[in-house]
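The values are calculated or read from the model by the stated rules, or taken from the named source; none is laboratory data. Because the structure is predicted, anything quoted here is derived from the model rather than measured. Neighbour counts are summed over all protein chains in view; Cβ atoms, including those assigned to glycine, are modelled from backbone coordinates with ideal geometry.
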Amino acid sequence: MKLFDVYPINDITIEKGAGSNVWDDKGTQYLDLYGGHAVISIGHTHPHYVKRLTDQLQKVGFYSNSIRIPLQQQLAEKLGKVSGKEDYQLFLCNSGAEANENALKLASFYNGKKKIIAFKKSFHGRTSLAVAATDNPKIVAPVNETDNVVFLPWQDEKALEAAFKQYEVSSVIIEGIQGVGGINVASESFLQKIRSLCDANNAVFIADSVQCGYGRSGKFFSHDYAGINADIYTMAKGMGNGFPVGGIIIAPHIQPAYGMLGTTFGGNHLACAAALAVLEVMEQEQLIANAAKVGSYLMEQLKQLPHVKEVRGRGLMIGIELPEELNQVRKDLLFKHKIFTGEAKPNVIRLLPSLALTQAHADQFLTAFRDELLKY
Ligand SMILES: Cc1ncc(COP(=O)(O)O)c(C=O)c1O
């Protein structure tokens, strides 16, 4: 059987990882500033994470949500404490798309309305509603097309006000920092505007924190910079440091009912062990503060490099906009300097490393990047 060929891949086979480094099958070491697409939050094969998962696997790996799973409650308490949203309620699932799918559905259950407001350049996943709220017609199949989603220009307060007048809005979904869209930071005033319009119109504010959340921005949720609370936060990626786990946290005014949401795999024993290990390491090693510190350092240094058009982001979610003619730089970082980075079209280099990235790692990247830029 062949694989269904949907990924344009690099010809590299990773066999080992530790912290912010990975090694290929020939023993070549790489610096990982991509984290497998913002997934590696506490570092590859962190010893505490490996032990907690291994210990759990030796006890029980999986059972469904038909029985009591105390690890889920432990995770909810820890997440409430670390995120500062202690009065929220946790629903566990397996991926970012699924988290957004559940959030959009729950919002509609809550207020009985249908219209979803999303924004230009947004990415919310590939399942039916999540992809319908994603601003990329190429990945929306005919069966996913719906007039329940309205796309508005990014940060256009007037358009937002007009949409609230025109439609019965069920929910507004927004990434605090757009990831796939090219690292665009939502302004504090725009997030505050969404909050006040949702309050005035009984609409649900959904903070897609799948990529920009879980400490990556230097605060637990990037939306926290605006000093507001969303009604639902969606999470995945860094939550399990590579173990597939996602979730939504839900404000107390949205009440559950049996059967409203559900999943076979979500919240299983291994997933909870992974998510707990991540939060324990984040707390113990103060990784959110580290993301803020090393991220600010990187951004300051990057702004001083030649050819860099713009540096955007917060914490360790950084976009470096380069001129079109420098589109080879990212490949050269990978194949010459052995440094993984991410990208956003047309020419943004995305840095999404582990939150444990050290300043020495940042310097290693800066030196290599400067060398490449000076060739132009
Ligand atoms: C902001 C955002 N939301 C949702 C998703 C979808 O997550 P998943 O691929 O886990 O379904 C992604 C994935 O890149 C994302 O960046």
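Before moving on, here are some points about what is shown:
- Residue within the stretch 18-27 that is hydrophobic (A, V, I, L, M, F, W, C) and closer than 18 Å to GLY213 by Cβ present: no
- For the stretch 39-49, the count of residues that are surrounded by fewer than 12 Cβ atoms within 10 Å (Cβ to Cβ) and more than 19 Å from the chain's Cα centre (by Cα) is at least one.
- For ALA236, the requirement of being in contact (Cβ under 8 Å) with a residue 12 or more places away in the chain, more than 13 Å from the ligand (Cβ to nearest atom), among the hydrophobic types (A, V, I, L, M, F, W, C) and assigned by TED's automatic domain parsing to the domain that holds ALA273 is not met.
- Within the set ALA107, ALA103, ALA76, the sole residue that is touching a strand residue (DSSP E or B) at 6+ places or on another chain (Cβ under 6 Å), more than 28 Å from ALA273 (Cβ to Cβ), at pLDDT 95 or above and part of a helix (DSSP H, G or I) turns out to be ALA107.
- Qualifying residue in the stretch 82-94 (condition: of a type in the set (Asp, Glu), touching a Gly at 6+ places or on another chain (Cβ under 8 Å) and within 16 Å of the ligand (Cβ to nearest atom)): no
- The single condition among (1) closer than 15 Å to ARG195 by Cα; (2) not in a strand (DSSP E or B) that VAL210 does not meet is (1).
- Summed over the stretch 245-266, residues that are within 16 Å of the ligand (Cβ to nearest atom) and either buried (at least 20 other Cβ atoms within 10 Å of the Cβ) or closer than 17 Å to LYS85 by Cα (or both) total 6.
- Number of residues in the stretch 150-194 that are more than 16 Å from the ligand (Cβ to nearest atom) and part of a loop (DSSP other than H, G, I, E, B): the value is 6.
- Boolean, HIS269 is in the same structural domain as PHE220 (by TED's automatic domain parsing) and more than 19 Å from the chain's Cα centre (by Cα): yes
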